[in-house]
Each structure stands twice: as C-alpha cells, then as structure tokens.
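Read the structure below first, then the notes.
The values are calculated or read from the model by the stated rules, or taken from the named source; none is laboratory data. Note that the coordinates shown come from a computational prediction; the quantities given were computed from them, not determined experimentally. Because the Cβ atoms are built from the backbone with ideal geometry, glycine has one as well, and the counts that use them run over all protein chains shown. In case anyone asks, the SASA skips ligands and DNA or RNA and just uses the protein heavy atoms, side chains included. Shrake-Rupley method; radii C 1.70, N 1.55, O 1.52, S 1.80 Å.
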Amino acid sequence: MSVVDHGQMATDKEELARLRRQRLEAGGKWILPVLVLLIVLGLWDRVVVWNEIPHYILPRPKLVLETLIEDWAILFEALLVTVQITLMALAVAVIGGVGLAVIFTQSRLVEMSFYPYAVILQVTPIVAIAPLIFIYVDSRIAGLLMCAWLVAFFPVLSNTTLGLNSADHNLRDLFRIYGATRWQTLRYLQLPSALPYFLGGLRIAGGLSLIGAVVAEYVAGTGGLKSGLAFRILEAGYRLNIPRMFAALFLIALTGVIIFAGLSFLSHMLLRKWHESALKRDI
Amino acid sequence: MGERDEVSSQQIELLRMEQVDKVFNGNITALKGMSLQVRQGDFLSLLGPSGCGKSTALRLISDLVHPTAGRIVWSGEHSADDLGVVFQEATLMPWATVAQNVWLPFRLRGKVYGEVAKEIDDALNLVGLDGFQDSYPRELSGGMKMRVSIARAMVTRPRLILMDEPFAALDEITRFKLNNDLLKLKDAFECTVVFVTHSVFESVFLSNRIVIMAARPGRVVTELSVDAPYPRNEDFRTSTEYAGYTRQAADALRLAMGEAA
Ligand SMILES: Nc1ncnc2c1ncn2[C@@H]1O[C@H](COP(=O)(O)OP(=O)(O)OP(=O)(O)O)[C@@H](O)[C@H]1O
Ligand SMILES: [Mg+2]
C-alpha cells in the first residue's frame, strides 16, 4: 500500500512541476519579449539623450510615437495601399499556386514542361525583374501586384505539389480498388493530404508577399496618388524626416507580424483536430 | 441435411486464378504458375515465407496489377463493388472521423451520408466501436483502428474481403481478440475472405483452407483443409484438434521452405 502511495506522490510531484513549467512558459511567451522591448526602447532613449544625438539622425522613441500619431492620416493611407497589394498578391498566389499544383499532379507532361520555369522565376531576384515589369505594365498597382505575386506563389506551389503527392500509398490503392474517379481521388484524398503542406507554404507566402509589395514599390519609385509605405519611407528619407521613416518601418513590421499570426491561427484551426503539428503533447 | 447445404454452398466458385505468372521489371518473378480457386464462404489463408508473392497475389486479385501470363476469372458479373480490403496498417484517413472513414466506400459510389448512416452505424456496432463515430483515428488504439478498417471493408457487404497481414503489427492479446471477432464478423456479413499471414497459429484458427506458398519463384506448394467446424472460439484454440492442424501446417510450411532452399 505504501509503495502505491509513494508512486502516486512521485507522479504528482512530476505533474505539479510540469504544470508549473507550462504556466511559466505560457506567461513567459508574452512577458519576456515585451520586457526585452521595453529595455531596448529605454536604452535607445538613453543613448540619444546622453550623446545628444539630433532627432534628424536618430529620434527618441517618444518622438517616433508622436510622429506616428501626427502623420497618421498619411501613413494610414499608405498602409492601406501596401496591405491591399499584399493581400491581393497573396490571394492570387494561393489561387495560382494551388491551381498549378493540381494541374501538375494531374499531368506529368505539364509538370515536366513548366516546373523548371517556375523554379527560374523563383530564383531570379525580384529587384532584378521588377524594373522590366514596370516598363511593360502600365498600371502601377498591377505591376506591384505582379512583383509581389512572383515572390509569393512559389512556396504555395512547391508545398502544395509535395502535399498532393504525399497521400498515403495504401489509401491510393484503396481508392483505385473502389474505382474512384480522378476528381474523387483529388477531392477526398489528395487535397486533404496536402492541406498541412499548403498551410506551411501559405505562412511563408504571407511574409513574402509583403516583402514583394514593399520591394517592388522601392523599384517603382515615385508614383501617383496611391503610394504605399515603401514610397513614404523613400520620401521621408529624401526629406531627412527620420522619425517618419521609423514610424513607417514600425507599421510594416507590425503588418508582417499580424499576417503571420493570422495565418498561423488559421492553420491551427484547420488542423487542430487531426494533424500532429497542431496537437498539444506535453511529454 | 443442413450440413449438406453448407457443403454445397462452399462448392460454388467465386473466382479462380489460372496459371498466373507475375514478373516485375522484366526480371523479378514474383509469382510462377499460380492457380487458386476461391469458393463462396471460404476463409482461405495464404501462408508462406516473406517474399513468396502473397501480397502480389492479393494485388492481382484486386486488379491493382495485371498478370504477366495466365488469367483471373470471376464467376458472375464482377465490379469494383465486389471487394473490401484491409492492409497491414489500418490506413485510415486521419482528417476524417471514424464514421466518415467507414462511409468512404459508399461515398465513392455517390451515396450521401444520410442514405447509408444505418449501415455505417451497424457496421461500427458489429466491430464493437459503437459510440466512437465522431472520434478521430489518432484518438484510437492500434486494435481499434484496425476494427475501423475492417468495418470499412465490410460495410458495403462485398463478395470478397482481402486482408494482407492485418494483425501483424498488433500485440498478441489484441490479435487473439480480433481473430475471434473476425470470425463472427465474417458470419454476420456473409463474406468470403482471403487472408495473408505469416502465422501458422493464426491461419489454423481462422481458416477452412490454408494455401502454402514458397519463394523464388513465388508459387503454391500445397493446400491443407482445416475441417474443424465453425463457430470456433477459445476452446478450439486449446484443443488437441487445433494442435494437430497446427503441426500439420507447420510441417507443410517447413517442407515448402526446405524445398525452396
Ligand atoms: N512493384 C514491385 N516491383 C518489383 N518487385 C516487386 C514489386 N512488388 C513485389 N515485388 C517482388 O516480388 C516478390 C514478392 O513480393 P510480395 O510483396 O508479393 O511478397 P510477400 O509474400 O507479400 O512478402 P511479405 O510476407 O514480406 O509481405 C518479392 O521478391 C518482391 O521484391
Ligand atoms: Mg506482403
């Protein structure tokens, strides 16, 4: 009897330690980065004050915040443009990437013919292609969209292709034995198998389409009415408006983080019931 | 009289393999001159060493590969609806619930869930998984997953069930339990089973016919019938009759392998 008690005590202690660790990690995940942020901001502020650095070289954090609020109208408008291009590019990347992946898995011939060119598009730096695009594409928005799409679609394509081909081979056999049509195999076997891979690609593509949208705008340079954040940064740079550069930079980073978090959440919601990556295992 | 009926029903041929050869890549002879008659109501085991072409035989019957020579003849109309298959792994779709997995063969025939919900529930009931309809495969033990796989194979009441070492990856206790239940399920669904196994004990317990195969080249060496009556249960497993058949099968297998060496 005492042995049993002892055993239970031991597991209880272990359990308690585990729970404590879990709580610590759950809290630490948020508190620690925030702490680091505060320390860095504090140091930044002190460095500027102690060295008497002028604000047109390095502004104090507080000034950046004030600029953000003061210039909100301009910056927010630019943010909307950048976000719009990013999301549209991501949407087109998803449609194009998944569509191409499905076509590739349906026909080896098409895959063999076109896959190398998808790779070439991917490995050629976007800054090198973008100037050409802006020569041939009249609409600025369309050009930006195209650049962002070029950067973003490949991870979707390659991940989805991998996923579609990674369906369990015994399940494939089973579908064949049951006389499933191509469409049924695609719909009920290959697409669900590809979902985790696709979502992995999507998360990468989300970040890349933002990068694509920003980089393309740098290349496009001065534009008409609809300017994004990248243009505002360039513009502020010419005018030595360093606080606004920082404010715009902050907004871009924030956008990237929100996109990544949103896509991670989507991925978790879609996979949480069945996929290993979304399962909580404590040990 | 009753017994006579049973005997005669066992004489009706379901399918036969006639002198089937299967050569892979032009040089690997997986099967050589395999002839086999499967009769209605049979529980037929293919027993033999690794690489003797047991899986290949099942793949030929299920039309996943085609004979290099010889032919496979089904009696009566033959369609994709005739077959149910169970692999060594449960091979369930991890993204689908238990009930959705069992629905699959119906779904591929264009049946919506509501139409066949009763069949699905009945099948799950019979394999002892009532109440697990909405569970996901990851929430089940290995034995339970295999039960789902069996329910999926039987739910459409196909004429023939092919099973390729379905219990090889399970522990012995689970395996015995599933052996017992499989015989009951075969009765309930009135199907014919072709069962691949490495285990002499398993084949004797389950089958009325054991076909012994040898490797290099894969071929049928001899056939044994196990005439002990069904239903069989744990008493049969410990009977002298069972011990006798086991010995017979083991000897035949040893002979077949010696011959091959
Ligand atoms: N697709 C294939 N391509 C080439 N060779 C194959 C193929 N399938 C099977 N073989 C060969 O055919 C022979 C028989 O294989 P099979 O899988 O039918 O044996 P088995 O009796 O099921 O063995 P095990 O008990 O190990 O499952 C083996 O030598 C194997 O290497
Ligand atoms: Mg095999």
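General observations
- Ranking B:Phe201, B:Thr97, A:Phe134 by Cα position along the charge dipole of the protein assembly as shown, where only Lys, Arg, Asp and Glu carry charges on their C-beta atoms, puts A:Phe134 farthest toward the positive end.
- Working note: Karplus 6.51/-1.76/1.60 with θ = phi - 60° gives the stretch A:108-120 the couplings 4, 4, 4, 4, 4, 6, 10, 4, x, 6, 4, 5, 4 Hz, where Gly and Pro are set to x.
- Proximity of backbone amide H atoms, modeled 1.01 Å from N, is registered between B:Gly218 and B:Leu31, B:Lys32 at under 5 Å, excluding neighbours fewer than 5 places apart on the same chain.
- Per-residue ellipticity at 222 nm from helix content only, as computed over the protein assembly as shown with -39500 (n - 2.57) for each DSSP H run of at least four residues, stands at -20500 deg cm²/dmol.
- Between A:Ser113 and A:Arg182, the FRET efficiency from the beta-carbon distance, with R0 = 25 Å, is close to 0.80.
- Accessible-area composition of the stretch A:61-278, carbon plus sulfur, in percent [1.4 Å probe]: 71
- Checking the Cα-Cα distances for B:Lys32/B:Lys177; B:Lys54/B:Lys145; B:Lys32/B:Lys184 against a 29 Å cut-off, the pairs over it are B:Lys32/B:Lys177; B:Lys32/B:Lys184.
- Per residue value of the accessible surface for the protein assembly as shown (all protein chains in place, 1.4 Å probe), Å²: 53
- Efficiency of FRET between B:Arg16 and B:Glu172 - r from beta-carbon atoms, R0 30 angstrom, step 0.05: 0.30
- Aspartates and glutamates with Cα under 20 Å of A:Lys13, excluding same-chain neighbours fewer than 8 positions away: A:Asp5, A:Glu25, A:Asp282
- Within 10 Å of each Cβ in B:86-98, the average number of Cβ atoms from other chains: 4
- A straight chain from A:Leu249 to A:Gln106 at 0.36 nm per residue would run longer than the Cα-Cα distance by 47.1 nm.
- Of the residues making up the stretch A:176-192, those losing 50 Å² or more of accessible area when the isolated chain is joined by the remaining protein chains, with a 1.4 Å probe, are A:Arg176, A:Ile177, A:Tyr178, A:Tyr188.
- Extending 7 Å from the Cα toward the beta-carbon at both A:Val123 and B:Ser75 defines two label points whose distance is 6.2 nm.
- Under 5 Å, built H, 5+ apart or other chain: amide partners of B:Met213: B:Leu47, B:Gly48, B:Val221
- Vicinal HN-Hα couplings computed from phi for the stretch B:138-144 (Karplus, 6.51 cos²θ - 1.76 cosθ + 1.60; Hz; Gly/Pro x): 5, 8, 9, 6, x, x, 5
- Sequence ranges B:181-190, B:150-159, ranked by mean other-Cβ count within 10 angstrom, highest first: B:150-159, B:181-190
- Taking the charge dipole of chain A about its Cα centre, with +1 at Lys and Arg Cβ atoms and -1 at Asp and Glu Cβ atoms, the residue from A:Leu100, A:Ala180, A:Val47 reaching farthest to the positive side is A:Ala180.
- Pairing chains A and B buries close to 2200 square angstrom of accessible surface in total, based on protein heavy atoms and a 1.4 angstrom probe.
- Residue by residue, the stretch A:127-136 carries 3J(HN,Hα) couplings of 5, 7, 8, 3, x, 4, 4, 6, 6, 8 Hz when phi is fed to the Karplus relation 6.51 cos²θ - 1.76 cosθ + 1.60 (θ = phi - 60°); x denotes Gly or Pro.
- Around the Cα centre of the stretch A:61-278, unit charges on the Cβ atoms of Lys, Arg, Asp and Glu (plus for the first two, minus for the last two) sum to a dipole of about 460 debye.
- In this Cβ point-charge picture (+1 for Lys and Arg, -1 for Asp and Glu), the protein assembly as shown has a dipole of about 1200 debye about its Cα centre.
- Between 0 and 90°, nearest 10: helix B:240-260 axis offset from chain B longest Cα axis: 60
- Test item: B:72-84 mean partner chain Cβ contacts at 10 Å: 1
- Cα lying deepest toward the dipole's positive end in the stretch A:61-278, options A:Leu191, A:Tyr218, A:Gln84, charges on Cβ: A:Leu191
- Once you divide the Cα radius of gyration of the stretch A:61-278 by 2.2 N^0.38 Å, the number left is 1.21.
- Residue ranking by accessible heavy-atom surface, 1.4 Å probe, largest first, among B:Arg16, A:Arg20 comes out as A:Arg20, B:Arg16.
- Solvent-accessible area lost in complex, 30 Å² minimum, residues of the stretch B:107-140 relative to chain alone, 1.4 Å: B:Arg107, B:Leu108, B:Tyr136, B:Arg138
- Relative contact order [Cα under 8 Å, 6+ residues apart], the stretch A:164-280, whole percent: 23
- Computing FRET efficiency as 1/(1 + (r/R0)^6) for A:Leu41 and A:Ile135, where r is the C-beta to C-beta distance and R0 is 51 Å, gives about 0.75.
- Figure note: A:Ile252, A:Ile204 ranked by solvent-accessible area, largest first, 1.4 Å probe, ligands and nucleic acids not counted: A:Ile204, A:Ile252.
- Accessible surface of the stretch B:44-127 [probe 1.4 Å, protein heavy atoms]: carbon and sulfur percent: 49
- Kirkwood-based shape ratio for the protein assembly as shown, expressed as Rg/Rh from alpha carbons: 1.14
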